[in-house]
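Below: the structure, in structure tokens.
The values are calculated or read from the model by the stated rules, or taken from the named source; none is laboratory data. All of these numbers come straight from a predicted model, not from anything done at the bench. Cβ placement follows ideal geometry from the backbone for every residue including glycine, while neighbour counts extend to all protein chains displayed. Note: areas computed on protein heavy atoms with side chains; ligands, DNA, RNA excluded. Shrake-Rupley method; radii C 1.70, N 1.55, O 1.52, S 1.80 Å.
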Amino acid sequence: MHPDNSGASSLGAISVAVGSGHGEKEPLTEKTVSIVSLGCPKNLVDTENMIRALEEKGFRIVPDTESAEVIVVNTCSFVTDARRESVDTLLEMARFKEEGKAKVLVGTGCLVSRYREQLPGLIPEVDFLLSPLEESTIGDRLSSWNVPGAPTALPLIDPRAIPFRPKRLTPSHRAYLKVAEGCDHTCTFCAIPLSRGLQVSRTRESLLEEVRQLGGEGVVELTLIAQDLTRYGTDLGETEGLAKLLEEIDRIGRIPWIRLLYAYPTLVTDRLLDVMKNAPTVVKYLDIPLQHVAGNVLKRMNRPGNRDSTKRLIDRIREAMPDIALRTTFIVGFPGETQEDFEELSEFVRWARMDNLGVFPFSREEGTPSFDMEGQIPAREKNRRRTVLMGLQKDIALALKQEWIGKTVPVLIEGPSEQSPLVLSGRLPSMAPDGIDGEALVLSGQAPAGSVVQCRILRAHPYDVEVWENGVEEDPSLMSS
Ligand code: SF4
């Protein structure tokens, strides 16, 4: 959005593009809004910010789309499947303008940034579109809905100082803190910079203020997110911005679990590791999307490093924190990835024994340099490579968890498990929110959501563990395998 990253001064006002919508603009009498939030936790935070902007203008958020006068779809366009889901959801919601109470359909998020020109033609029922940077105007925009002569140029909120969002869509005991928007990297497979622009970091003051507020609300786990968390503050002229931010969050000390997602491999500094090691509230967990380890594949991805430098990184992290839990993601089937490259990656997976691992088949994304790259690999082969790698990791994940049997660990209780109403779901520090790293099935099932209880690990599975809360009377029928 703002290639020069020059901040607030160039933001000013925007005139919001209006889709054709259908027929006369009906006045909004009930001011009820239903929001469908798609995509990643960063998009979820954006939805939470839109809720704040709407409630400030007297709109009421309702859970069901059938009863809402306004429907907002916060879209995702990360990969083809996500785009398809976003378009399908907009089309589905458009039906409520015919069959339901809906008078206004709004499209927001990454799909808007990338396809603003095409969308009105594709889904004429959409009344207006807001890209991520424009979402802060949604309250004003709807307040001036069908008001003759209403201004179309609306003030934007400076993304560096987004105010606190009182309403969160996560369970009350946990929250996401999006420390920056956009990305300065240019990975050849990635469309995110096309929809989110260059990195814009929030000011440390606005972040710390939010941390204090969330701590005051009893939040137990705060997950820091960005496209590249480790570059936090560089656009503010800071060095080691993330390490400094973490130190201050830890010093506030009101939130017991601080977790980091989306670190960039070459930006994991010794200073950051030192802060993670010595800060009691920072969970010994790090998510570092490596994408690949073979040098020539990384080169074609426009990412630094190779297998040896990646091994040195993992060694350096484990030297600092031997018990740290590591998560990563790999792309298989990138154009030009040879069988040797894939074997090099497989060998690394065997060597690294990551606690958590995600593998994605390469997705050919329009507008990215890899879209037209030679050496595209057939889908069947991409999926075969994914299956092989996930198979390797499954055995590793199980073996790692079997080493924990009998140990007592802290478990953050989430609430009833979807796997069985008789047990509770929880997470160990090595498990990030939203089930991406599996769950702890708490067989003793008594602790309230949001509490952190000491539990003994009874049984291990590749992605989950079964645990019993210390101090709860033992039930042999549940405890014996
Ligand atoms: S660092 Fe992540 S968000 Fe940024 S371009 Fe690369 S893959 Fe995309």
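In Å and on Cα atoms, what radius of gyration and Dmax does the range 408-479 show?
That works out to 10.7, 31 Å for Rg and Dmax.
For the chain, what number results from the quotient of the Cα radius of gyration and 2.2 N^0.38 Å?
Normalised by 2.2 N^0.38 Å, the Cα Rg of the chain equals 1.02.
Putting +1 on Lys and Arg Cβ atoms and -1 on Asp and Glu Cβ atoms, find which of 104, 432, 139 reaches farthest to the positive end of the dipole of the chain.
432
For the range 408-479, what relative contact order do you get, as a whole percent, if you take Cα pairs closer than 8 Å and at least 6 residues apart?
30 percent
Using modelled backbone amide H atoms (1.01 Å from N, in-plane), which distant-in-sequence or interchain residues come within less than 5 Å of residue 130's amide H?
Sorted by chain and number, the residues that satisfy this are 107, 108, 109.
Over all directions, what mean area does the Cα convex hull of the range 174-402 project, stated in square nanometres?
Spelled out: convex hull of the Cα atoms, projected over all directions, averaged, 12.6 nm².
Determine the dipole magnitude for the range 408-479: charges of +1 sit on the beta-carbon of Lys and Arg, -1 on that of Asp and Glu, nothing else is charged, the reference point is the Cα centre, and the result goes in debye to the nearest 20.
The dipole magnitude comes to about 140 debye.
Quick query: amide H of residue 334 versus all other amide H atoms, modeled in the peptide plane; which residues come in under 5 Å with a sequence gap of 5 or more or a different chain?
362
Calculate what fraction, in whole %, of the accessible area of the range 174-402 sits on carbon and sulfur atoms when a 1.4 Å probe is rolled over the protein chains.
Ligands and nucleic acids excluded, carbon and sulfur reach 50 percent.
For the range 408-479, with every protein chain kept in place, what is the accessible area per residue (1.4 Å probe, Å²)?
44 Å²
Carbon-plus-sulfur fraction of the accessible area of the range 13-155, 1.4 Å probe, in percent?
On the range 13-155, the fraction of accessible area on carbon and sulfur atoms equals 53 percent.
Which cross-chain or sequence-distant (5 or more) residues have an amide H under 5 Å from the amide H of residue 184, H modelled 1.01 Å from N in plane?
So residue 184 has HN proximity to 199.
Tell me, what ³J(HN,Hα) does each residue in the range 452-459 have, in order and in whole Hz, if you take phi through Karplus 6.51 cos²θ - 1.76 cosθ + 1.60 with θ = phi - 60° and put x for Gly and Pro?
Those phi angles translate into 10, 10, 7, 10, 9, 7, 8, 9 Hz.
Divide by every residue of the chain the summed helix terms, -39500 (n - 2.57) for each DSSP H run of at least 4, and state the resulting mean residue ellipticity at 222 nm, rounded to the nearest 500 deg cm²/dmol.
Calculated mean residue ellipticity at 222 nm is -9500 deg cm²/dmol.
Explain nothing, just the number: relative contact order of the chain, from Cα pairs under 8 Å at least 6 residues apart, as a whole percent.
Relative contact order comes out at 10 percent.
Taking a quarter of the surface of the convex hull around the Cα atoms of the range 13-155, what do you get in nm²?
Average projection, Cα convex hull of the range 13-155: 7.7 nm².
Quick one: accessible area per residue over the range 174-402, 1.4 Å probe, rounded to a whole number of Å²?
I get 39 Å² per residue for this part.
The range 159-224: which chymotrypsin sites (Phe, Trp or Tyr not before Pro) are DSSP loop and have at most 16 other beta-carbon atoms within 10 angstrom?
Taking the range 159-224 and a limit of 16 other Cβ atoms within 10 Å, the loop chymotrypsin sites (Phe, Trp or Tyr not before Pro) found are 164.
Looking at the chain, send over the antiparallel percent of its DSSP beta bridges, to the nearest 5.
Once the DSSP bridges in the chain are tallied, antiparallel ones form about 35 percent.
Sticking with the crude label model, points 7 Å out along Cα→Cβ, report the distance from residue 402 to residue 92 in nm, one decimal please.
4.1 nm
Could you tell me how far the Cα centroid of the range 318-352 sits from the Cα centroid of the range 236-283, in Å?
If you average the Cα positions of each part, the centres end up 24 Å apart.
What list of ³J(HN,Hα) couplings, whole Hz, do you get for the range 275-292 from phi and the Karplus terms 6.51, -1.76, 1.60, once you set θ to phi - 60° and write x for glycine and proline?
Values per residue, Gly and Pro as x: 5, 4, 5, 9, 8, x, 8, 7, 5, 7, 8, 9, 9, 10, x, 8, 6, 6 Hz.
Over the range 13-155, average the accessible area per residue using a 1.4 Å probe and give it in Å², no decimals.
41 Å²
With only Lys, Arg, Asp and Glu charged, each at its Cβ (+1 for the first two, -1 for the last two), find how big the charge dipole of the range 13-155 is about the Cα centre; round to the nearest 20 debye.
280 debye
If contacts are Cα pairs under 8 angstrom and at least 6 residues apart, what is the relative contact order of the range 77-145 in percent?
30 percent
To the nearest 10 square angstrom, what accessible area does residue 40 show with a 1.4 Å probe?
50 Å²
Output wanted: per-residue J couplings in Hz (rounded whole) for the range 348-359, from phi through Karplus 6.51 cos²θ - 1.76 cosθ + 1.60, θ = phi - 60°, x for Gly and Pro.
5, 4, 5, 6, 6, 6, 5, 5, 9, 8, x, 10
Which of the cysteines in the chain are isolated, no other cysteine C-beta under 4.7 Å?
Singleton cysteines: 40, 76, 110, 183, 455.
Looking at 324, 296, 280, which one has the Cα that reaches farthest to the positive end of the dipole of the range 280-332 (charges on Cβ: Lys, Arg +1; Asp, Glu -1)?
Towards the positive end, the residue furthest out is 296.
Only four residue types carry charge here, +1 at the Cβ of Lys and Arg and -1 at the Cβ of Asp and Glu. Report the dipole size of the chain about the Cα centre in Debye, rounded to the nearest 20.
The calculated dipole for the chain is roughly 560 debye.
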